[in-house]
């Protein structure tokens, strides 16, 4: 299958491209600038150049590639995020998820589209959320509103074209904020991440390698569309995983902090992130894609990532 990957140099894309080649796909990488294609240029990967926000450039690039499938991994998330300025930090990513996705879907024609969604945007509630659970529509933190709106539009555009959205959980592994040298890890190591309001947020994690393998599995199944949660098998509350993560990093134990006090420092989204998020269920992805995460638990995945870095 001839497969175009938009966002081929990102955390997921950089793992996906060689995996696709290894299983027999003819891979075309769409990059904003060819001189920044990095290792792709010497890996036998065909490269087309286009700014995803330039409709005409995307149409020309996809036309030259003539793909059977288009994989949309477009993001521009800063290495360090300020929870009080989330809307600002995600402004470009929001455009990529709306305008960029629209440009790709239009250019794709009859090619199948698979897009990267988010598996922790569900309305807070009890238990794990399956794909029928509503996304956050009541009491949504102000800074998360435009992020969520962009995700909703990405899903509408992708599924409207008969494509598939893979809702990934909290992405970790080398190159992410949770890596030993990542921004979140540095804050944890310094004891700057407290257990806000009891740390009740439930995290469903996804290792970047498992995200890539899920995309490959999805490409093997033409008739699967809609949305699927692609997360590990062991959702965990912040109060359970954060202290163990701190130990792995050689950091200080997280201290408790009242939600009202934390709100002054990290805003409504920061408090929700640490005390309200709902975990996701991966049963449908396992069934419909015959996919299994290599890293079934955050504990094993984090331990391996930190150990490799050490």
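What the table below lists for this structure:
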read-out	value
Matching entry among 56, 51 (being at negative phi, at pLDDT 95 or above and over 21 Å from the mean Cα position of the chain (by Cα))	56
Flag if residue 199 is buried (at least 17 other Cβ atoms within 10 Å of the Cβ), touching a residue at least 60 places away in the same chain (Cβ under 8 Å) and in a loop (DSSP other than H, G, I, E, B)	yes
Flag for residue 232 being modelled with pLDDT of 95 or more, part of a loop (DSSP other than H, G, I, E, B) and surrounded by 17 or more Cβ atoms within 10 Å (Cβ to Cβ)	yes
Test result for residue 214, more than 18 Å from the chain's Cα centre (by Cα) and under 28 Å from residue 288 (Cα atoms)	no
Out of 283, 257, 237, sole residue that is surrounded by fewer than 19 Cβ atoms within 10 Å (Cβ to Cβ) and touching a strand residue (DSSP E or B) at 6+ places or on another chain (Cβ under 6 Å)	237
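The values are calculated or read from the model by the stated rules, or taken from the named source; none is laboratory data. Keep in mind that what you see is a predicted model, and the values were worked out from it rather than measured. Methodologically, a virtual Cβ is constructed for each residue, glycine included, from the backbone with ideal geometry; neighbour enumeration extends over all protein chains shown.
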